[in-house]
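Here the structure comes first, spelled out in structure tokens, and everything after it is commentary.
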Amino acid sequence: MNNTANNEQMDYVQEARDHLWMHARSWEDMSKPGGVKIFTEASGTRITDIEGNSYFDLMAGLWLVNAGHGRKEIADAVYEQMQNLCYVNTWAYATLPAIRLASKLADITPDTLSKVFFVNSGSEAVDTATRMAKQYQFLSGFGKRYKIIARRNSYHGSTTGAQSITGGGFFRRKYFEPMIPGVRHVPHPYCYRCQYELSYPDCGLLCAKAIEQEMLFEDPETIAAVIGETIAGAPGVIPPPAEYWPMVRSICEKHGVLLIMDEVICGFGRTGRWFACEHYGVVPDIMTVAKGLSSGYLPIAAAIARTEVADKFKGGFAETFQHGVTWGAHPVSCTAALTNLAIMERENLISRSAEMGRYLQNSLEALRSHPTVGDVRCRGLLAAVELVKDKKTKEGFEADNPFNEKLSQRLMELGLLTRVRNIIAIAPPLIVTKSEIDEVVGIIDRALGDTEKALAIN
Ligand code: PLP
């Protein structure tokens with residue numbers, strides 16, 4: 001890079017430090033040399049920064065660029081839609097892209113999931129789903145059913161509603177409490193760190209039974225819905241055991257409680273099926289989707305209800321779902337999503353995700369020999385390597401331990417862009433090839449080895 005280009009880049013870095021409030025990013029981190037990384041281009045599975053360094057995008061952005069970067073077909077469709085009709089009051093009027101996308105989603109989601117309420121983000125989809133559940137219960141004659149049961153160690157977003165439901169320590173709830181009332185949290189089906197200190201299958205799925213215990217304790221007639229990520233992503237890629245969701249489904253049915261499955265990360269082929277609930281043979285009453293719906297080309301999300309749920313809202317003003325946002329069903333975002341789904345179907349990206357996922361899983365298993373690798377979990381192309389300080393006790397690295405930061409830097413030096421926290425997050429675009437998986441796993445192996453050596457961990 002010549003001097004002028006370097007100066008220009010430094011100007012941008014300073015401008016970012018002065019004016020760009022990055023999400024949940026500390027000022028201290030942004031102030032470090034290299035703390036503001038600027039990306040300018042991407043194509044396929046790779047992304048390039050302003051200095052011209054190219055990286056493999058191992059987290060597909062934030063678990064979402066499923067169709068891969070640089071799809072001109074989506075850009076062209078969006079351009080055309082913007083010229084034809086960029087916006088109309090979507091509370092009052094329908095558009096062709098919104099109708100087509102709603103029908104498409106009704107088609108690809110399982111069973112009677114068929115009525116689609118569009119919003120802009122996963123958090124909004126979660127807020128929508130819980131409000132839908134509450135109003136559904138009210139319209140069914142159960143005005144007292146307002147509580148939501150969620151799981152500890154879950155992530156459902158960052159609006160106040162979604163944060164209240166989120167069970168992890170994300171975003172330092174202590175600053176914002178009290179959260180919305182009526183949310184109860186039960187243990188997560190996290191076998192590697194079972195809260196009951198039991199082992200599957202001898203545990204008898206106590207984590208699923210805990211949901212019924214909580215309902216009985218609270219009085220089932222006060223519970224509107226149970227919500228969970230089908231496979232939790234952000235908290236650590238945690239696939240529940242096979243029996244978990246069928247058990248939760250029957251508990252909900254027994255007590256007249258709706259089941260909301262959050263597929264914001266898992267949807268659209270990420271786990272090797274269109275939706276992760278298909279692995280469990282369970283259909284939720286409401287499903288939340290976002291991210292891979294448009295592969296990130298434009299923001300769009302939705303809460304999708306079963307016909308049986310949506311039918312309760314049939315009627316006049318009193319039955320109308322009292323909810324809405326300006327950008328819901330935005331015709332340009334709907335166009336991006338429709339084109340994205342067409343690409344996924346044409347290129348068989350769902351079955352490809354299943355096939356490449358099996359290959360990835362086998363490759364990742366070899367990493368278990370590292371002293372810092374506690375567990376490896378993979379479902380389709382959603383995977384994690386869980387990092388531990390002590391393999392026997394499963395103690396994780398403390399927040400101020402340099403391991404995660406050093407590992408992250410080493411991965412980047414070796415050309416891999418991803419997030420390292422309690423896990424190395426692995427969620428490549430679904431177009432990833434076997435040789436790219438070999439390259440990625442080889443780099444993780446090397447970066448782990450180099451970091452362990454640098455910190456004298458053995
Ligand atoms: N639900 C799940 C399962 C998520 O993983 C996320 C975000 O990662 C959300 C909801 C919130 O989505 P958004 O960040 O688009 O609001």
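The values are calculated or read from the model by the stated rules, or taken from the named source; none is laboratory data. Here the structure is a predicted model, which is why all the values come from computation and not from measurement. Cβ coordinates were reconstructed from backbone atoms using ideal geometry, including for glycine residues, and neighbour counts include every protein chain displayed.
Structural remarks
- Options Gly272, Gly292; residue that is crowded, with 22+ Cβ neighbours inside 10 Å, touching a helix residue (DSSP H, G or I) at 6+ places or on another chain (Cβ under 9 Å) and on the phi > 0 side of the Ramachandran plot: Gly272
- Residues in segment 340-364 that are surrounded by fewer than 23 Cβ atoms within 10 Å (Cβ to Cβ), polar (S, T, N, Q) and closer than 26 Å to Phe118 by Cα: Asn348 only.
- Residue within segment 176-188 that is within 11 Å of the ligand (Cβ to nearest atom) and modelled with pLDDT under 95 present: no
- Test: residue in segment 209-230 that is part of a helix (DSSP H, G or I) and of a type in the set (Phe, Trp, Tyr): yes
- Residue match in segment 386-399 (condition: buried (at least 17 other Cβ atoms within 10 Å of the Cβ) and farther than 27 Å from Glu197 by Cα): no
- Flag if Glu365 is without any contact (Cβ under 8 Å) to a residue 40 or more places away in the chain, in contact with a strand residue (DSSP E or B) (Cβ under 9 Å, 6 or more places away or on another chain) and either over 28 Å from Thr130 (Cβ atoms) or assigned by TED's automatic domain parsing to the domain that holds Ile231 (or both): yes
- Asn422 being out of contact with any helix residue (DSSP H, G or I) (no Cβ under 7 Å at 6 or more places or on another chain) and either among the aliphatic types (A, V, I, L, M) or free of Cβ contacts under 8 Å to residues at least 60 places away in the same chain (or both): no
- Applying the criterion of being touching a residue at least 60 places away in the same chain (Cβ under 8 Å) and under 21 Å from Leu381 (Cα atoms) to the residues of segment 238-258, the residue that is surrounded by the most Cβ atoms within 10 Å (Cβ to Cβ) is Ile238.
- Within segment 152-186, considering residues that are outside any loop (DSSP other than H, G, I, E, B) and touching a helix residue (DSSP H, G or I) at 6+ places or on another chain (Cβ under 8 Å), the one surrounded by the most Cβ atoms within 10 Å (Cβ to Cβ): Ile165
- Counted residues, segment 249-278 - those being more than 13 Å from the ligand (Cβ to nearest atom) and under 22 Å from Phe138 (Cα atoms): 11
- Residue check, Pro299 within 10 Å of the ligand (Cβ to nearest atom) and either surrounded by fewer than 22 Cβ atoms within 10 Å (Cβ to Cβ) or closer than 29 Å to Thr335 by Cβ (or both): yes
- The set of residues in segment 59-87 that are aliphatic (A, V, I, L, M) and either in a helix (DSSP H, G or I) or away from the ligand (no atom under 16 Å from the Cβ) (or both) comprises Ala60, Leu62, Leu64, Ala67, Ile74, Ala75, Ala77, Val78, Met82, Leu85.
- Of residues in segment 307-332 being more than 28 Å from the chain's Cα centre (by Cα) and of a type in the set (Asp, Glu), the one nearest to Val116 (Cα to Cα): Asp311
- Filter result (in contact with a Ser or Thr (Cβ under 6 Å, 6 or more places away or on another chain) and buried (at least 23 other Cβ atoms within 10 Å of the Cβ)) within segment 318-330: Ala329
- Segment 136-151 - residue that is assigned to a helix (DSSP H, G or I) and not polar (S, T, N, Q) and, of those, nearest to the ligand (Cβ to nearest atom): Tyr136
- Every residue from segment 103-126 that is in a helix (DSSP H, G or I), within 15 Å of the ligand (Cβ to nearest atom) and in contact with a strand residue (DSSP E or B) (Cβ under 8 Å, 6 or more places away or on another chain): Gly122, Glu124, Ala125, Val126
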